[in-house]
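Every read-out reported here was derived from the displayed coordinates using simple, explicitly stated rules and does not represent laboratory data. Every value quoted in this text rests on a predicted model; they were computed, and no experiment measured them. Neighbour counts run over all protein chains shown; Cβ positions are idealised from the backbone, glycine included.
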Amino acid sequence: MISAGLYKEIADLINSAQERGAELVSDIEQMETDLSNSEIPSDDIYRLALESSISTTKERMEDSHNSLTERAMMKFVRALQDHVNNNYTSVNDFLSDNGIKVYSTFASLSANAGYTIENEHILNVS
């Protein structure tokens, strides 16, 4: 059976990885906004090339991030929760008995994997 400490570490790493992916896309969107608000003429060939490059990069990052979430990350979270559920009374009991609180992004992934985490075990939930 996985230890409480290792479970918490894994949950936090998954949460962090998911949030960083979203932050990167947001940063690229900010680059788009900054470029569109710049003094460079909108028909400038270099500006158009840069806008195209930024747009392509953003699309690829969004696709990669969503693909990871939908496939590999969900498979991993499901396997983790299956392990806990099969070796303990339930995921929520494991969290409660070990005083573990997870972040909301991990809790959302867990719910999508079929394991809803009760609000009392989620950080930053009022």
Any GluC sites (Glu not before Pro) in segment 1-107 that lie in a DSSP loop and have at most 11 other Cβ atoms within 10 Å would be Glu39
Label points 7 Å out from Cα along the Cβ direction at Leu123 and Tyr46: separation in nm?
4.4 nm
List the lysines whose alpha-carbon lies under 25 Å from that of Lys8, not counting same-chain residues fewer than 8 positions away?
Lys75, Lys101
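Using the Kyte-Doolittle scale, which helices in the chain average at least -0.5 and also have C-alpha atoms spread 18 Å or more along the helix axis, with helices defined as whole DSSP H runs?
Passing helices, by number: 4-36.
If the chain between Glu59 and Gln30 were fully stretched, how many nm would it gain, using 0.36 nm times the residue separation less the Cα-Cα distance?
Computed gain between Glu59 and Gln30 is 9.0 nm.
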